[in-house]
Amino acid sequence: MSKQYYTTIGLEVHAELKTASKMWCGCKNDPDAKEPNSHICPVCTAQPGSLPVANKEAVKKVIQVGVAIGGTIPDFTEFDRKNYFYPDIPKGYQISQYKYPLVSGGELAGVKITRVHLEEDTAKSSHGTGASLVDFNRAGVPLMELVTEPVVKDAKMAGAFARELQLLLRTLKVSDANMEQGQMRVEVNISVSEDPNKPQSKYVEVKNIASFKAVEKAIEYEIERQIKMIEDGTPFVKETRGWDDATGTTFSQRKKETAEEYRYFPDPDLPKLYISKIPELNTDLIRSELPELPWQKRARLKALGLKEETVEFLVQDETYGSLFDTITGISNKKAMLVTAANYLTVDIPGLLQKSGGVIPSAELLTELFIMTDEGVLSSRGTKDILAMLVEGTQESPKVLAEKHGLIQKNDPEALRAIVREIVSANPKQVLEWKSGKESILMFFVGQCMKASKGSGNPGLFQELLKEELLK
Ligand code: ZN
Ligand code: MN
């Protein structure tokens, strides 16, 4: 029986904000511009005498995140200097927030949030042979930092949190939050202890994680490594470790025997902010302007009676999610929407994957699914027309249905004629039915559907067959 260990995990997430200009100057916010040092000025390259001006749009974006996660937006906030030297931080300090973050508290995906603050990104260094180069396009790009409470229980919970945060940032349009491109960077603080009441104070910080999968794998690896250390009696050190995706391991980057001394102090070049004095930053206004949030959308779709995986597909996928919303705007008939959701999440992606094509317009799709819902089209007929629409036809589903004889026949007299024909053509199966083999009914329905070239209503065929077979 193996011993039980307790894991304490907290996350720190940095996200580049999608503003027009940088955090303290008018330079274009384009950190990945091809030409190095093409978006720079005296401010973001830290020339003596240059002065920063805070970007209101960036402040607003962080408040939007804060309001969405139910955090508190204190009225007073200020920017601080975090002093350290590195070639990618030309001022010799990073402007960040220390004592008075823009957002305190809140919750996301079941994880309590400590704070969200606003700071600036660093330049990008690349180390070649014989020389190191610095590209300042990223220097001064607005960066949001979100810190969670140490309440994340395991790798799965951390992964789910990071995915939900990415979805929120994209929904709010505050960041593209692409992890592979470094637009969203997750750092994991993790420690394992034998006593749940005495978590290890010497936690390990894991950096350089560039995907959700890597977040989960790094946590799993680190838990195992730390358990082994406890079992081997190896003393713990507080350290920063990097994640190596190729080997699936973490490696020591630097030991942190003492807390780093950043000597934070309020930046004298920037004014202190009173949010209530800035009309555009009115939190009530920002709250009222929020788009539908992922969890709100989930609840709305669930209320329609959609399956959980269908809901999640529509919440996660921007293209199909907004297509579904447009269809909802054209007709809000619940049964039609359930039909639409199924075809949107299964059939259309399937058709596109199989033979390419285009996603049909919401108008054409709504018309099609209304016909399905009203029984004018069978599911076979719906699929046939859908395939034509995906191939790119702009003709209306109604015209297509008539042209290809797909209008489902609901006329009992016409269908009864087919039923009689099929019953008299299959005497052996009729005997089987009469001897109690109920499953044979579906054979008859199939034959009737075939005879009607898929245009008969299968439900009606069943009813009529039962009548005729009893005779
Ligand atoms: Zn600049
Ligand atoms: Mn930071």
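Tell me, which residue of region 19-60 that is of a type in the set (Lys, Arg) and more than 7 Å from ligand 1 (Cβ to nearest atom) is surrounded by the fewest Cβ atoms within 10 Å (Cβ to Cβ)? Quick ask: steps written out before the conclusion?
Residues of region 19-60 of a type in the set (Lys, Arg): 22, 28, 34, 56, 60.
Retained after the next criterion (residues that are more than 7 Å from ligand 1 (Cβ to nearest atom)): 28, 34, 56, 60.
Working: LYS28: 16, LYS34: 7, LYS56: 13, LYS60: 18.
Ranking the candidates gives LYS34 first.
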Report yes if some residue within region 205-223 is more than 16 Å from ligand 1 (Cβ to nearest atom), surrounded by 22 or more Cβ atoms within 10 Å (Cβ to Cβ) and of a type in the set (Ser, Thr, Tyr); otherwise report no.
-> no
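A quick yes/no check of all residues on (1) more than 42 Å from the chain's Cα centre (by Cα); (2) assigned to a loop (DSSP other than H, G, I, E, B); (3) modelled with pLDDT of 95 or more; (4) in the same structural domain as ILE330 (by TED's automatic domain parsing):
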site: ILE359; (1), (2), (3), (4): no, yes, yes, yes
site: LEU368; (1), (2), (3), (4): no, no, yes, yes
site: GLY375; (1), (2), (3), (4): no, yes, no, yes
site: GLU438; (1), (2), (3), (4): yes, yes, no, no
site: GLY454; (1), (2), (3), (4): no, yes, no, no
site: GLN462; (1), (2), (3), (4): yes, no, no, no
Residues located in region 386-411, provided they are surrounded by fewer than 14 Cβ atoms within 10 Å (Cβ to Cβ) and of a type outside the set (A, V, I, L, M) | GLU391, GLY392, GLN394, GLU395, GLU402, LYS403, GLY405, ASP411
Top-ranked residue of region 1-18 - restricted to ones that are β-branched (Val, Ile, Thr) and surrounded by 20 or more Cβ atoms within 10 Å (Cβ to Cβ), ranked as farthest from ligand 2 (Cβ to nearest atom) = THR7
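Suppose the filter is within 26 Å of GLY321 (Cα to Cα) and of a type in the set (D, E, K, R); does GLU107 pass it?
Considered against the rule, which asks whether it is within 26 Å of GLY321 (Cα to Cα) and of a type in the set (D, E, K, R), GLU107 comes out as yes.
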List pairs: first in region 43-54 and of a type in the set (Ser, Thr, Tyr), second within 16 Å of ligand 2 (Cβ to nearest atom), Cβ under 8 Å, 6+ apart or cross-chain?
-> THR45/ALA139
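Is it true that MET449 is in contact (Cβ under 8 Å) with a residue 60 or more places away in the chain and part of a helix (DSSP H, G or I)? Talk me through it step by step, then tell me what you get.
Working: in contact (Cβ under 8 Å) with a residue 60 or more places away in the chain: yes; part of a helix (DSSP H, G or I): yes.
Considered against the rule, which asks whether it is in contact (Cβ under 8 Å) with a residue 60 or more places away in the chain and part of a helix (DSSP H, G or I), MET449 comes out as yes.
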List pairs: first in region 326-346 and within 13 Å of THR382 (Cα to Cα), second among the β-branched types (Val, Ile, Thr), Cβ under 7 Å, 6+ apart or cross-chain?
-> MET336/ILE370; THR339/THR372; ALA340/ILE327; ASN342/THR310
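Kindly indicate whether PRO31 is touching a strand residue (DSSP E or B) at 6+ places or on another chain (Cβ under 9 Å), within 16 Å of ligand 2 (Cβ to nearest atom), at pLDDT 95 or above and within 16 Å of ILE89 (Cβ to Cβ). Quick ask: steps written out before the conclusion?
On the way: touching a strand residue (DSSP E or B) at 6+ places or on another chain (Cβ under 9 Å): yes; within 16 Å of ligand 2 (Cβ to nearest atom): yes; at pLDDT 95 or above: yes; within 16 Å of ILE89 (Cβ to Cβ): yes.
Yes, satisfied.
Yes/no per residue for (1) closer than 23 Å to GLN64 by Cα; (2) modelled with pLDDT of 95 or more:
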position	(1), (2)
VAL174	yes, yes
ASN189	no, yes
PRO196	no, no
SER201	no, no
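Criterion first (more than 16 Å from ligand 1 (Cβ to nearest atom), more than 19 Å from LYS22 (Cα to Cα) and touching a residue at least 24 places away in the same chain (Cβ under 8 Å)) does SER104 satisfy it? Let's see the steps before the verdict.
On the way: more than 16 Å from ligand 1 (Cβ to nearest atom): yes; more than 19 Å from LYS22 (Cα to Cα): yes; touching a residue at least 24 places away in the same chain (Cβ under 8 Å): yes.
Taking the combined requirement at face value, the residue satisfies it.
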Quick one: what pairs do we get from region 129-141, first residue in the same structural domain as SER96 (by TED's automatic domain parsing), second in a loop (DSSP other than H, G, I, E, B) and exposed (fewer than 10 other Cβ atoms within 10 Å of the Cβ), C-beta under 9 Å, 6+ apart or different chains?
-> ASN137/GLU35
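Residue-by-condition table, conditions (1) touching a Phe, Trp or Tyr at 6+ places or on another chain (Cβ under 9 Å); (2) modelled with pLDDT of 95 or more; (3) surrounded by fewer than 16 Cβ atoms within 10 Å (Cβ to Cβ):
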site: LYS272; (1), (2), (3): yes, yes, yes
site: ILE278; (1), (2), (3): no, yes, yes
site: SER288; (1), (2), (3): no, yes, yes
site: ALA303; (1), (2), (3): no, yes, yes
site: GLU309; (1), (2), (3): no, yes, yes
site: GLU318; (1), (2), (3): no, no, yes
site: GLY329; (1), (2), (3): no, yes, yes
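Let's see how each residue does on (1) within 16 Å of ligand 1 (Cβ to nearest atom); (2) modelled with pLDDT of 95 or more:
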{"site": "VAL65", "(1), (2)": "no, yes"}
{"site": "THR77", "(1), (2)": "no, yes"}
{"site": "LYS82", "(1), (2)": "no, yes"}
{"site": "ILE95", "(1), (2)": "yes, yes"}
{"site": "ARG115", "(1), (2)": "no, yes"}
{"site": "GLU120", "(1), (2)": "yes, yes"}
{"site": "SER132", "(1), (2)": "no, no"}
{"site": "LEU146", "(1), (2)": "no, yes"}
{"site": "PHE161", "(1), (2)": "no, yes"}
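Please work out if PHE444 is modelled with pLDDT of 95 or more and not assigned by TED's automatic domain parsing to the domain that holds ALA340. Spell out how you get there, then give the answer.
Values: modelled with pLDDT of 95 or more: yes; not assigned by TED's automatic domain parsing to the domain that holds ALA340: yes.
So PHE444 passes the test.
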Give region 434-459 a look and list any residue that's exposed (fewer than 12 other Cβ atoms within 10 Å of the Cβ) and among the polar types (S, T, N, Q), or say none.
-> SER435, SER439
Output the qualifying pairs, or none if there are none: Cβ atoms under 8 angstrom, residues six or more apart or on different chains, first residue in region 154-174 and closer than 18 Å to LYS18 by Cα, second residue of a type in the set (Ser, Thr, Tyr) and buried (at least 19 other Cβ atoms within 10 Å of the Cβ).
-> LEU169/SER175
Can you name the residue in region 1-42 that is assigned to a strand (DSSP E or B) and of a type in the set (A, V, I, L, M) and, of all such residues, is farthest from the chain's Cα centre (by Cα)?
-> ILE9
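The values are calculated or read from the model by the stated rules, or taken from the named source; none is laboratory data. Keep in mind it's a predicted model, so treat the numbers as computed, not measured. A quick note on method: Cβ atoms are made from the backbone with ideal geometry, for glycine too, and the neighbour counts reach across all protein chains shown.
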